[in-house]
Amino acid sequence: MKKFQATITDVKKNAKISSAAQSAAQSPGNRAASGEGRPAGEIPVGRQVRDLRKARGITITELAERIGRSVGYVSQVERELSAVSITVLQQIATALDVQVTWFFQGNAMAPEKERDFIVRRGNRRKLRFGGSGIEEELLSPNLRGQIEMTLTTFEPGSRTGAEDRIRKGEEAGFVISGTIEIQAGGETFRLEAGDSFAFQEPGPHRCRNPGSVDAVVVWVYTPPTY
């Protein structure tokens, strides 16, 4: 296990070097490929998937089979040519035996006395779903307890995916700004700023931003399985 953890550390370190030395593959009009809006030095999700897959000794064909997708699609995700939804990244994370939070990034280190209690705004670890218009920020200082909290920003028209996202535990949320639609239990609910919601049972749901401005939502998960 220690040897594998060291391998994963090297994977992320090498990916950062690679990211600084090479530009992502370009595809006209494809935001996922162009890296538009991506901070300097940030490792694209697709590249993280590729490097973790290789560290696991898994071929593209094997990963595609595990998540029920085509080899071509997985290849495009790894090259940042196709958007990756929350649902798909969850499937990939499960297939590679990690949580989605493995893909969050952030280099800022909190003072030792705050490390297990507080997350300053500038220290948040982030995850951008390439080309999907969704960004996640981890608000929890760690995932050792029974609660995980994230801040999700949905760009106008963005959604969690064409397929339902499967909950593994209880989830709740509060809409800070904008509008989101949640589909669950055969119903569609429209929530505005100030509204909140809760799912007390495992099951499927999906979300989208039908508005013309960003929607910002705080999510709480228990246990921390996201």
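The values are calculated or read from the model by the stated rules, or taken from the named source; none is laboratory data. Since we're looking at a predicted model, the values are computed, not measured. Here the Cβ is made from the backbone with ideal geometry for all residues, glycine too, and neighbour counts use every protein chain on show. These accessible areas exclude ligands, DNA and RNA; they are computed on the full protein's heavy atoms, side chains included. Shrake-Rupley method; radii C 1.70, N 1.55, O 1.52, S 1.80 Å.
Before moving on, here are some points about what is shown:
- Here residue 174 passes the criteria (1) outside any strand (DSSP E or B); (2) surrounded by fewer than 20 Cβ atoms within 10 Å (Cβ to Cβ) except the one numbered (1).
- Selected residue (criterion: surrounded by the fewest Cβ atoms within 10 Å (Cβ to Cβ)) from residues of the range 74-96 that are over 20 Å from residue 158 (Cα atoms) and either at pLDDT below 90 or hydroxyl-bearing (Ser, Thr, Tyr) (or both): 94
- Residue check for residue 166: assigned to a strand (DSSP E or B), in contact with a helix residue (DSSP H, G or I) (Cβ under 8 Å, 6 or more places away or on another chain) and open to solvent by 20 Å² or more (accessible area, probe 1.4 Å): yes
- Residues that are under 10 Å from the mean Cα position of the chain (by Cα) and not in a strand (DSSP E or B) within the range 115-146 comprise just one, 130.
Residue-by-condition table, conditions (1) within 19 Å of residue 144 (Cβ to Cβ); (2) hydrophobic (A, V, I, L, M, F, W, C):
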site: 96; (1), (2): no, yes
site: 101; (1), (2): yes, no
site: 106; (1), (2): yes, no
site: 109; (1), (2): yes, yes
site: 113; (1), (2): yes, no
site: 116; (1), (2): yes, no
site: 119; (1), (2): yes, yes
site: 122; (1), (2): no, no
site: 128; (1), (2): no, no
